[in-house]
Amino acid sequence: MTAKSKAAGNNTSIKDYIASLDEQTVKDSQVLLKMMQQISGHKPKLWNVGTIGFDTYHYKYDSGREGDGHVIGFYPRKGKITVYLMDGTARYAELLAKLGKHTRTGYCVYIKRLSDIEVPILEQIVQQSYENIKSKSQDGPIDRILWQTEK
């Protein structure tokens, strides 16, 4: 897979990447791909090494840093899937308490396999996160790191 195909985010590179994973992670990734594409209405794009993101938002901070990020996404690896909540995990504490077996950091939810969690709860969290970020970005660039500033 070339850097160009990763940057372009074509479906073949995503399929190739997912196919390189273990059988369970492939199955779980297919569920997440379908879920996030349905929530966002956008096709997946490969970001960086293995992050699969859906839709984009623009950010521009007071520091001068500016760029684009995925609104929702995940990073599948053998034995661990990271789901990114770009507006942070703190705002979803009540739902995350019902999710099942997982760990989390500021904006990441770590899951070993989807059978360890309540997938409808994850879907609800991802849907709310998507709607929150889209509403904040509709009037222009997001001006702060959401997961650090919002609860």
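Rule-based calculations on the coordinates, nothing more; no lab input. The structure displayed is predicted, hence computed values, not measured ones. Counting neighbours? That spans all protein chains shown, and the Cβs are built from the backbone with ideal geometry, glycine included.
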Which of the trypsin sites (Lys or Arg not before Pro) found in the stretch 12-66 are loop residues per DSSP with 13 or fewer other Cβ atoms within 10 Å of their Cβ?
Arg65
Give me the net charge for the shell around Gly73: Cβ to Cβ below 12 angstrom, other residues only, Lys and Arg +1, Asp and Glu -1.
0
Nearest 0.05, what FRET efficiency do Ser135 and Val49 give at R0 = 30 Å with Cβ-Cβ as r?
0.50
Given the convex hull of the Cα atoms of the stretch 3-137, what is a quarter of its surface area in nm²?
8.2 nm²
Return the FRET efficiency for the residue pair Ile121, Gln24: r is the Cβ-Cβ distance, R0 is 25 Å, and the value is rounded to the nearest 0.05.
0.80
Could you pull out the pairs from Lys15/Lys78; Lys15/Lys136; Lys60/Lys136; Lys112/Lys136; Lys34/Lys112; Lys34/Lys78 whose alpha carbons sit more than 21 Å apart here?
Lys15/Lys136; Lys112/Lys136
